[in-house]
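Shown next, in structure tokens, is the structure this report addresses.
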Amino acid sequence: MYDSFDFEQLQQLAQDDPDKLEQLRIQWCESLIHEAPSHYRRKLRGLQFRIDMERRKSKSPMAACISLSSMMHNSFDRLRDALNEASGAEADGPVSLVQDEPSEPRQLATVLPFRRA
């Protein structure tokens with residue numbers, strides 16, 4: 001179902017018949033939610049509702065894109081903070097992905113003056 005259109009076809013549909021593209025978007029979202037495991041569906045429907053409301057209240061497609069991007073980044077930040085907390089690292093501090101423990105804090109360096117020749 002999702003492979004039936006390529007980018008150029010969707011772009012053309014957006015120019016020629018935006019209402020049809022919107023119907024297709026809704027159909028694809030509903031299908032994707034329906035195909036998800038049942039224990040994820042309620043959360044996915046809630047997320048889709050939030051996305052639809054952000055799109056509806058935005059004054060332009062670009063404003064909607066920026067708003068949805070902000071939602072995504074906020075969600076990612078919350079996930080990162082939860083992972084940092086679970087690993088014992090500070091939420092805002094550096095985390096080493098190689099070692100089992102947080103990386104050492106950086107030490108300040110002294111800047112030495114050089115003589116001009």
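Which residue out of Met72, Met53 is of a type in the set (A, V, I, L, M) and within 30 Å of Pro105 (Cα to Cα)?
Testing whether each residue is of a type in the set (A, V, I, L, M) and within 30 Å of Pro105 (Cα to Cα) leaves just Met72.
When only residues in the range 55-68 that are more than 14 Å from the chain's Cα centre (by Cα) and surrounded by 14 or more Cβ atoms within 10 Å (Cβ to Cβ) count, which is farthest from Cys29 (Cα to Cα)? Residue satisfying both the conditions and the ranking: Ser58. Phe5 meets each of the listed conditions (1) loosely packed, with under 12 Cβ neighbours inside 10 Å; (2) at pLDDT below 95; (3) among the aromatic types (Phe, Trp, Tyr) apart from (1). Just wondering, is there one or more residues in the range 9-26 that are more than 30 Å from Pro105 (Cα to Cα), surrounded by 11 or more Cβ atoms within 10 Å (Cβ to Cβ) and within 15 Å of the chain's Cα centre (by Cα)? Within the range 9-26 (the criterion being more than 30 Å from Pro105 (Cα to Cα), surrounded by 11 or more Cβ atoms within 10 Å (Cβ to Cβ) and within 15 Å of the chain's Cα centre (by Cα)), the answer is no, since none of the residues qualifies.
In the range 8-25, the count of residues that are out of contact with any Phe, Trp or Tyr (no Cβ under 6 Å at 6 or more places or on another chain), within 22 Å of Ser69 (Cα to Cα) and basic (Lys, Arg) is one or more. Within the range 61-69, can one find any residue that is touching a Ser or Thr at 6+ places or on another chain (Cβ under 7 Å) and either modelled with pLDDT under 95 or in a helix (DSSP H, G or I) (or both)? The answer is yes, given that some residue of the range 61-69 is touching a Ser or Thr at 6+ places or on another chain (Cβ under 7 Å) and either modelled with pLDDT under 95 or in a helix (DSSP H, G or I) (or both). Determine if the range 89-97 includes at least one residue that is surrounded by 10 or more Cβ atoms within 10 Å (Cβ to Cβ), at pLDDT 75 or above and within 27 Å of the chain's Cα centre (by Cα). No, the range 89-97 contains no residue that is surrounded by 10 or more Cβ atoms within 10 Å (Cβ to Cβ), at pLDDT 75 or above and within 27 Å of the chain's Cα centre (by Cα). Here Ser103 meets each of (1) under 21 Å from Lys43 (Cβ atoms); (2) of a type in the set (Ser, Thr, Tyr); (3) at pLDDT below 70 with one exception, condition (1).
The values are calculated or read from the model by the stated rules, or taken from the named source; none is laboratory data. Worth saying up front: this structure is predicted, and the values here are computed from it rather than measured. Positions of Cβ are generated from backbone atoms using ideal geometry, with glycine treated the same way; all protein chains shown enter the neighbour counts.
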